[in-house]
Amino acid sequence: MQISPRFRSAAFAVIATAGVSLASAAHADSGTIRFAIYKAAFFVGGAGGQGTLTFHGHHYPVSVGGLSGGLAFGASKTYFQGTVRHIRRAGDVTGVYGAVGGGGAVGRGAQVIVMTNDKGAQLELSGRQVGLQINADLSGMSIAVK
């Protein structure tokens, strides 16, 4: 049975592309992040804060900001910490993250959230919230590595 040169070339291209994709995914790494964010809302809300990304033994300052809209009111401060996955360099964390969710806190509360940006960086965060905040909203958060 004779295999055509075109088929052989196409098969080689597919295998090479798959190998490059797997190799680049294998080189993605993870780090840790922690930040405090202040949030205030009355139907439309705003948030801002700062923290630190730790990646390959280096500490990078980060700033956090965001907007939310929906059923939201109150004011709170949340301390988040967690893991950043699927990054190759610290700058991959920079981007806009979106989430739909709900929750609330009177005094103290807890939050858990998983979000992804357009570069594929995935945040897996848990946090403790202090203040009065009730929400069922669509929100976005922007993180910038300084």
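A straight Cα-to-Cα reach below 26 Å connects LYS77 with the lysines LYS39, LYS146, residues fewer than 8 places away in its own chain not being considered.
Summing charges over all other residues whose Cβ lies under 11 Å from the Cβ of ARG85, with Lys and Arg as +1 and Asp and Glu as -1, gives -3.
No value in this document is a laboratory result; all are computed from the given coordinates. The structure displayed is predicted, hence computed values, not measured ones. Backbone-built Cβ (ideal geometry, glycine too); neighbour counts: all protein chains shown.
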